[in-house]
Amino acid sequence: MEISSRLECIAKMIEKCDSIADIGTDHGYVPIYLIEKGICKHAIASDINMGPVEKARANIKHENAEKSIECRLGPGFSTVKPREVNVAIIAGMGGNLIRDIIEEGIQVFKSLDYVVLQPVQNPDVLRKYIYESGYIVLDEDLCKDENKYYEVIKIKYNNEPKVLSDVYYEVSKILLEKKHPLVKEYVCLKIKKYDKIFNNINDSGEGAQSRKNNLKKMVMKLEGMLECL
Ligand SMILES: C[S@@+](CC[C@H](N)C(=O)[O-])C[C@H]1O[C@@H](n2cnc3c(N)ncnc32)[C@H](O)[C@@H]1O
């Protein structure tokens, strides 16, 4: 099965294993792909909504993968028992929702070898939560699909909270250290975004000025990153 480059970027993070759970599976393409490629032997395709579960079930049937992929209906990790699978994927949702799914399913999360996350909004909120909760970031990747950037974060439960400079919640330290081929343009995009917000603040009130100062500081930190790339 052909999948988008975003989904491929997620799949690339998964090493050969016995079982995975895809939380918020929707179409079920990632578990189907992982089974077809022989990356995992068994998969759970789970979703909170009946529509997506039925869609996944139809796609799984179409690809003759019913023996290897089980569909389950329910929120977050509630459909998976601790130690039932080796790996989980939570992709295509906002950073806040991904954070809440981990928090609510912490016993399952603790039992996993690792989890692959792909936030579509607020990756900074998710990264702050990950570091400040003490989880280990094993790897990160960045891809561009239909002109949009997507971050993929591979984490594992641990209990060593760290506080990073806010700029490293915006742009991953790991992507910077490995000089990821897309990281420079990603930093430039962030600078443009914050410059635009800065220029659109016309209010002279104290709150607006403080916001402008924070934006200016963030842009300076991002520009500093560019010097090292
Ligand atoms: C935009 S789709 C992403 C599908 C797929 N994971 C991907 O990356 O292409 C988000 C899916 O997450 C499901 N979802 C939202 N909140 C959820 C939750 N708390 N637990 C499980 N699934 C959830 C939605 O029903 C929807 O099917």
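The values are calculated or read from the model by the stated rules, or taken from the named source; none is laboratory data. Bear in mind the structure is a predicted one, so any value in this text is a computation, not a measurement. Cβ coordinates were reconstructed from backbone atoms using ideal geometry, including for glycine residues, and neighbour counts include every protein chain displayed. All accessible areas refer to the heavy atoms of the entire protein, side chains included, with ligands and DNA or RNA removed. Shrake-Rupley method; radii C 1.70, N 1.55, O 1.52, S 1.80 Å.
Observations on the structure shown:
- Sole exception among (1) closer than 20 Å to M13 by Cβ; (2) in contact with a helix residue (DSSP H, G or I) (Cβ under 9 Å, 6 or more places away or on another chain); (3) open to solvent by less than 60 Å² (accessible area, probe 1.4 Å) for R99, by number: (3)
- Some residue of segment 101-114 being β-branched (V, I, T), within 15 Å of the chain's Cα centre (by Cα), more than 11 Å from the ligand (Cβ to nearest atom) and more than 21 Å from Y169 (Cβ to Cβ): no
- Residue in segment 71-79 that is more than 11 Å from the ligand (Cβ to nearest atom), open to solvent by less than 10 Å² (accessible area, probe 1.4 Å) and modelled with pLDDT of 95 or more present: no
- Residue list for segment 35-49, filter: near the ligand (Cβ under 10 Å from one of its atoms) and open to solvent by 10 Å² or more (accessible area, probe 1.4 Å): D47, I48, N49
- Pairs meeting the criteria (first residue in segment 115-127 and within 11 Å of the ligand (Cβ to nearest atom), second residue assigned to a helix (DSSP H, G or I) and open to solvent by less than 40 Å² (accessible area, probe 1.4 Å), beta carbons under 6 Å, at least 6 apart or on different chains) are V116/I10; L117/I98; Q118/I10; P119/G95; P119/I98; P119/L126.
- Scanning segment 9-34 for residues that are touching a Lys or Arg at 6+ places or on another chain (Cβ under 8 Å) and either open to solvent by 30 Å² or more (accessible area, probe 1.4 Å) or not in a strand (DSSP E or B) (or both) returns A11, M13, D18, D26, H27, G28.
- Listed by first and then second residue, the pairs linking a residue in segment 197-219 that is touching a residue at least 24 places away in the same chain (Cβ under 8 Å) to a residue that is open to solvent by less than 60 Å² (accessible area, probe 1.4 Å), with Cβ atoms under 6 Å apart and 6 or more places separating them unless they lie on different chains, are M218/Y194; V219/I191; V219/Y194.
- Which listed residue is closer than 20 Å to L7 by Cα and of a type in the set (K, R), from K212, K148: K148
For (1) within 16 Å of I20 (Cβ to Cβ); (2) in contact with a Lys or Arg (Cβ under 6 Å, 6 or more places away or on another chain); (3) among the β-branched types (V, I, T), each residue gets a yes or a no:
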site	(1), (2), (3)
E66	no, no, no
G74	no, no, no
S78	no, no, no
K81	yes, no, no
V85	yes, no, yes
A91	yes, no, no
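- Test result for P161, in contact with a Phe, Trp or Tyr (Cβ under 9 Å, 6 or more places away or on another chain) and exposed (fewer than 14 other Cβ atoms within 10 Å of the Cβ): yes
- Hits in segment 45-100 (condition: basic (K, R) and assigned to a helix (DSSP H, G or I)): K55, R57, K61, R99
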